[in-house]
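The structure appears right after this line, and notes come after that.
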Amino acid sequence: MKINKLHLLNYRSYQDQTFEFEDGLNLLIGKNAQGKTNVLEAIFFAVIGRSFRTGKEKEIIRWGENYGKIEAEFDNGYRKITIQIVLNSQHKKSVLVDGISLHKIGELLGRTNAVFFSPNELKLVKESPEDRRKFLNVAISQTNKRYFYLLGRYEKVLANRNKLLKCSENIDVVKETIDIWNRSLCEIAEKIFEERKKFVDELAPYAEKAHEYLSNGEEKLKVEYKSDFNENYGQNLMKYLQKNLEKDFKLGYTTAGIHRDDLNLYVNDVEVKNYGSQGQQRTVALSLKLAELECNKNRTGQYPILLLDDVFSELDEERRKRLLKFTQKTQTIITGTEITEKNNGKVIKIIKKS
Ligand SMILES: Nc1ncnc2c1ncn2[C@@H]1O[C@H](COP(=O)(O)OP(=O)(O)O)[C@@H](O)[C@H]1O
Ligand SMILES: [Mg+2]
């Protein structure tokens, strides 16, 4: 998978600009706040249909304008695909593939593929389980539309169940109808769990290998899916929900399920979230992303585009060199403030026009 061209119109700092990319390594070089991350955000937006930076899409439209547009030309090895995202301050966004408007964002998934990494991704290791679930959800959805729709259905059922818990006057009212929601929730949860488990089982060996490679064999990573229910997820979750109805009613929300699961990450048998050094955490996050690259390739037959935001400043020279070797597999777009490594990549200078 590769991106040939990107045209931005009234998109963040860009009024009207076109970028052309080459097959291998592309370096976006510029000082701070010149618009480097904006370019990666736009590319990833064209791949997954939303921004990794904000949920408020109006923010993305160039200040003072009332619409903005991303137009990206990809090549999936068989043919070219043009994706347009049109953002309008009044209406919802529209997504067009080869000029034809999509009814649902989900329809965009799987047409192109990319893996995005930035120092911000450290939160994948350091912060709440929500960040790790988001990683799994975005990674799996990219090659599995069914999974994306299952997540949507789960969210709806969960919202209904929570509403019932929160708004009912007493627990007897809850008991009358909660069964319907319990059953749907468990049925969907089991399907989501199966996809996540399959993905993590595939991801873990790649992540462990990437981590070993980046740390020059000094560190051993372990990755596993964390949930209280595991095999027979649906049945086990049902038992929990029935047993804990009173607790859920008191709290006014559902205290277990797919929306509470997590990933366990250990380096040299120590939980990296609480005890890992900053450098280890960074390498773990990067290893997970590089592993995502491999899983994505197994599922689609080709490597996704690799988007690396500001990674060089965060890694020592040895890890930088090793990372660059890894990136030879696929088209890679890296942002940075200077060219730190000698390489044969295309250099695109990013300077903000005022
Ligand atoms: N909606 C917008 N309209 C105009 N400029 C914007 C908008 N959103 C962000 N910017 C500008 O984009 C710049 C930040 O771009 P960014 O890609 O994060 O820079 P960097 O090169 O450091 O990665 C800032 O100068 C900011 O003011
Ligand atoms: Mg940046």
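Just so it is clear, none of the values below were taken in a lab; they were calculated from the coordinates. Worth saying up front: this structure is predicted, and the values here are computed from it rather than measured. Note: ideal-geometry Cβ built from the backbone for every residue, glycine included; neighbour counts use all protein chains shown.
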- Message: What are the membrane-span-like helices in the chain by this rule: whole DSSP H runs, Cα extent along the axis at least 20 Å, mean Kyte-Doolittle hydropathy at least 1.0?
- Response: none
- Message: Could you check the spin-label model distance between residue 244 and residue 156? Points 7 Å from the Cα along Cα→Cβ, value in nm.
- Response: 2.5 nm
- Note on the structure: Rg (one decimal) and Dmax (whole number) from the Cα set of the chain, in Å, equal 21.8, 70
- Note on the structure: Mean Cβ-within-10 Å packing, highest first, puts peptides 15-22, 289-296, 183-190 in the order 289-296, 183-190, 15-22
- Query: For residue 346, which aspartates and glutamates qualify as cross-link partners when the Cα separation must be under 12 Å and same-chain residues fewer than eight apart are set aside?
  - Reply: 20, 22, 23
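Which length gain, in nm to one decimal place, applies between residue 167 and residue 313 when the Cα-Cα distance is subtracted from 0.36 nm times their residue separation? Could the numbers behind the result be given before it?
Values: separation 146, 0.36 × 146 = 52.56 nm, distance 5.03 nm.
47.5 nm is the gain from fully extending residue 167 to residue 313.
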- Note on the structure: Violations at 20 Å Cα threshold for listed pairs 80/198; 297/325; 134/156; 5/123 -> 80/198; 5/123
- Message: How many angstrom lie between the Cα centre of region 291-322 and the Cα centre of region 207-256?
- Response: 26 Å
- Item | Point-charge dipole on Cβ atoms (K/R +1, D/E -1) for region 77-187, about Cα centre, debye to 20 | 400 debye
- Can you figure out the FRET efficiency of residue 321 with residue 22, using R₀ = 30 Å and their beta-carbon distance, to the nearest 0.05? 0.90
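For residue 298 and residue 91, FRET efficiency with R0 = 35 Å and r from the beta-carbon atoms, rounded to 0.05? It would help to have the intermediate numbers written out before the result.
Details: r = 38 Å, r/R0 = 1.10.
Calculated transfer efficiency: 0.35.
About its Cα centre, what dipole magnitude does region 238-354 give when the only charges are +1 on Lys and Arg Cβ and -1 on Asp and Glu Cβ, stated in debye to the nearest 20? Could you put the intermediate results ahead of the total?
Numbers: 21 positive and 16 negative charges, 91 e Å.
With only Lys, Arg, Asp and Glu charged at Cβ, the dipole is about 440 debye.
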- Item | Counted charge near residue 295, where neighbours are those whose Cβ lies closer than 15 Å (Asp, Glu -1; Lys, Arg +1) | +2
- Query: How would you rank 312, 74, going from fewest to most other Cβ atoms within 10 Å of each one's own Cβ?
  - Reply: 312, 74
- Could you work out the relative contact order of region 274-342, using alpha carbon pairs under 8 angstrom and six or more residues apart, expressed as a whole percent? 32 percent
- Item | Per-residue Cβ neighbour rank within 10 angstrom, fewest leading, 172, 261, 98 | 172, 98, 261
